[in-house]
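First the structure, in the form of structure tokens, and then the observations on it.
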Amino acid sequence: MEGQGRFVVKSINLTGSVAAGETGSFLSPPVLTRHRPIFVAFWASGSETGSWFSIFLTKSPVPVEMPQPGDPPVIFAMRTQFFGTNVVSIPLAVTDVIEEGTRVALVVNNASTGTITVTMLYLYQEV
């Protein structure tokens, strides 16, 4: 209908493995449009006390463990501990428009004695 705005939601999924006692860093391709974050979810196949994850936006072209100077000031989780195999969902109240070329970074520290599989889902609205 004429006069109706468009509401396009897209997603990014990052999945990988992190060895016991290691920290894994994962980085999405750049989001090629301006967008507004809507939702983030994280899941791991296991954990032990001391396991944590971080999810944030970055302009870095390589995986990084912390936000870098010049990155958008949007951090969804920073060194957040997780337990078991529960899904951690983070509804967002971000009103900022994020510029194109920004990437989603996932960093996971695995304190368990075995390799774990991790996945992160990021939903965003194109603007």
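Using the alpha carbons alone, the radius of gyration of the chain stands to its Kirkwood radius in an Rg to Rh ratio of 1.01.
Hull volume per residue, based on the alpha-carbon atoms of the range 71-127 and their convex hull, is 114 Å³. Using heavy atoms of the protein chains and a probe of 1.4 Å, the accessible area assigned to E48 is about 90 Å². In this structure, T33 and T80 have a Cβ-Cβ separation that, at R0 = 30 Å, corresponds to a calculated FRET efficiency of about 0.60.
Arranged from highest to lowest average of other beta-carbon atoms within 10 Å per residue, in what order do the peptides 6-16, 101-111 appear?
101-111, 6-16
For V104, the shell of other residues with beta-carbons less than 12 Å away shows a net charge of +2, using +1 for Lys and Arg and -1 for Asp and Glu.
The values are calculated or read from the model by the stated rules, or taken from the named source; none is laboratory data. None of these values were measured; they are calculated from a predicted model. Don't worry about glycine lacking a Cβ; one is built from the backbone with ideal geometry, like all the others, and counts go over all protein chains shown. Accessible surface is based on the protein model in full, side chains and every heavy atom, while ligands, DNA and RNA are left aside. Shrake-Rupley method; radii C 1.70, N 1.55, O 1.52, S 1.80 Å.
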